[in-house]
1. Over region B:51-156, what is the mean sequence separation of C-alpha contacts under 8 Å (at least six apart), divided by residue count, expressed as relative contact order in percent?
2. Can you work out the base-10 log of I(q)/I(0) for region A:66-162 at q = 0.22, 0.23 1/Å, using the Debye formula on its C-alpha atoms alone?
3. Around A:ALA38, which amide H atoms from residues at least 5 apart in sequence, or from another chain, sit under 5 Å from its own amide H, with H modelled in the peptide plane?
4. Work through the residues other than A:MET108 whose Cβ is under 12 Å from its Cβ and net out their charges, Lys, Arg +1 and Asp, Glu -1.
5. Enter the mean number of other protein chain beta carbons within 10 Å of the beta carbon of each residue in B:222-229, as an integer.
6. To check my understanding: the extent here is largest minus smallest coordinate of the Cα atoms along each principal axis. What are those three numbers for region A:29-87, in Å, largest first?
7. Quick check: from the Cα gyration tensor, does the protein assembly as shown come out rounded (a/c under 1.5), prolate or oblate?
8. Out of residues 5 or more away from A:VAL230 or on other chains, whose amide H comes under 5 Å of its own, with H placed 1.01 Å from N in the peptide plane?
Amino acid sequence: MPVTFAEEKTPIAKFTTLFIMEIFQANNIVKEYAGHMALSSVSITVKEASIFGLLGPNGAGKTTLIRIINQITAPDSGELFFEGRPLKAEDIYQIGYLPEERGLYKKMKVGEQALYLAQLKGMSKKDALKSLKYWFEKFEIQAWWGKKVEELSKGMAQKVQFITTVIHQPKLLIFDEPFSGFDPINTNLMKNEILELKKQGTTIIFSTHNMASVEEICDHIALINQSKKVLDGQIDQVREKFKTNTFEVTYRGEISGLHQHQLGNHFNILEHDESSQLKEMKIKLLNVQSNNELIKILMNQIEIVSFKELIPSMNDVFIHVVEQNNLEIKQ
Amino acid sequence: MNKSILILKREYLTRVKKKSFIIMTLLVPVFMAALTVLPTYLAMMDDKEERTIAVYDPTALILNKLESNEFTKFHYIPEQEFQELRKAFKSEKYYALLHIPTNILTTNRAEMISDKQITFDIKNLVTNRIENIIEGEKRKQVIDETGVPDLEKKLSATKTDISVETIKMGDKGEAVKSSTEIAMAIGYAAGFLIYMFVFIYGTMVMRGVMEEKSSRIVEVIISSVKPFQLLFGKIVGIGLVGLTQIAIWIILGTAITTGLAAFVGGGSAETAAQAQNIMSTQGIDQMASAAPAKENMTLEIIHLIGNLNIPLIVSSLFFYFICGFILYASFMGAIGSAVDSDEDAQQLMMPVMMPLIFSIIILFAVAKNPEGPLAFWASIIPLTSPVIMMVRIPFGVPAWQIILSMVILLGTILGSIWMAGKIYRTGILMYGKKVNLKEIVKWLFYKN
């Protein structure tokens, strides 16, 4: 079952959601390829000016969903909405797509090619040239204009490809593994560009296996496993949901006095490290009790230096959810 | 549609701007023209060396009748000088010594002496001229002996030249002079042109599709345009590249050939005039010789070509050209989309190209018997009809057959485009899977 979080809406939050439009929505998308189920009843909702992480293991159906959004393939059944109305053929001009497997015409010159791709996205030659000039200057790559793509390095070609993806100022951008092939400096540059685009109001669907970058830039995620959506929600809420009530405590003093009977059945010490002056331990809260209760018990025995609840990383969530789901499917 | 034109423009311009295209397009007509004109030109290049030939003629039969021309002069010498030269031909002044024996009328022999190997042209010239003079002399003797008035004219009138003309009866019973040879030549040329064009440019479509697939740019493009628009733009764009090349070949080829022909022909007209001049002074007209006859033949060929249904031939050439290309190009585009490697492409290309190759194999048989059942069926079946119908048309084909062939071809094209679009759509996004024909047929029934 997909885990969805009903957002608790305060009156003020309700008020603001009226203005946060859903730019894209997919309802119960089903796609089957010759006996192989690629998507079974997947629904997603993407809010305007947000970054939506589309996650899932290899072969889960992410690329199929992305291709359906791009109207490269059509779903067998299901509904697609763009800006609140059914998706139309012309909407592809409002979408920019950077596929995972990318490439350009090797024998074509960089400038000509960028211009061609911009025109295919519905831009006039004049607008395209103006816009290209801006981006080429921004990335300081004017010198590449007359070069053939085959003369560029992989990273250079990726930059050109990024420009051709965003050139027509689409309302919705779809990036499939946008950072692959970039060095750390360029990865950072691209990340900043993406965040900048979001700030300007562009909505971004972001598909990646790099969970660290998901935590860093995504607002909302959906996790697809074996053609089904298994998780969906705001990223902080998702992580909150999968927290294991584990705490990391740094302290001074002895916990030898802190015996199991004192902790009762409520807590469990998972790890204990007394090798250095500052001692550390991990404690798991067993039944629902407040953090303060734990602190109260600890305070009596030791001097607390730091007390931190461990929130799972997206990486942990991903692995946990997918493994759990695979197990359920097997049974 | 707008996007298709954009794609078409790119496909066209990137290919036309290629160095290899420009070189091929410019060099082939030059090469072809050189191939046709050069041998004629070389043959026309007479040696322009001035030669004087000493003539000793005790019979006085040809005395002063041997006309000198621009480069070859005849000089009559007395007996004494002849004896000297005969003993040991060593002369700065003369190229050769021509000796007319006294009994030439009975032996038909003369001799030419030189210290060099006498050239073929000189030998021919001298032989021809002496022959003419002696023939005229003999004839005059006969005429004198018989004493029949105007015998000379009457004898000339008996000269006959038979040629069998092939005449094709038109629909309305009008007789049209035709030439089997010319119909054959035009049929071969047209059939072969279509074959070459379809093969070369069909393969180009396949390569183009494969390039887009293997460079992975295709996914970006089909997120902007429909796959069918991309395929359509590519096929039309490449077809136009082919038409451009052929148009340039025709224009350049004609220009170069006419230019060279004018250059060479100017010279030949001169020689022809000279030859005629000589003959009229000799009073011998039955030799009305080679050069004017050649001119007549050219006129005759032009006339015969004019009798062919040129508008029909040209318009059907274009029709079969374009339709044949689209038919095979759509197959090739589909194949290009389905494969990942050249080897796989070769393998799938073979069955598709078989009918085209087959039509070249039967080309000669069809030209020999353009009304036979093989010719008929091969010109109706759409996979072979572009080549074979073009071979038949110069011979004259009933209108209903042409119309039937064209209608079937057009219908097949619609089918092949639809099919190619279906296969293409699935194929271009399919990687790392070795496909066979069975698999491809399955794609036809995929919904999207």
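1. Values: 111 pairs, mean separation 29.2, N = 106.
Dividing the mean separation by the residue count of region B:51-156 yields 28 percent.
2. At q = 0.22, 0.23 Å⁻¹ the computed log10 ratios are -1.14, -1.20.
3. Sorted by chain and number, the residues that satisfy this are A:LYS31, A:GLU32, A:TYR33.
4. Residues close to A:MET108 contribute a combined charge of +3.
5. Values: counts 8, 16, 13, 3, 4, 1, 0, 1.
Rounded to a whole number, the mean comes out at 6.
6. 36, 25, 18
7. Verdict is prolate for the protein assembly as shown.
8. For A:VAL230, the qualifying residues are A:LEU223, A:ILE224, A:ASN225.
No lab work stands behind these numbers, since they all come straight from the coordinates. These numbers come from a predicted model, not from an experiment. Positions of Cβ are backbone-derived with ideal geometry, glycine not excepted, and every protein chain shown enters the neighbour counts.
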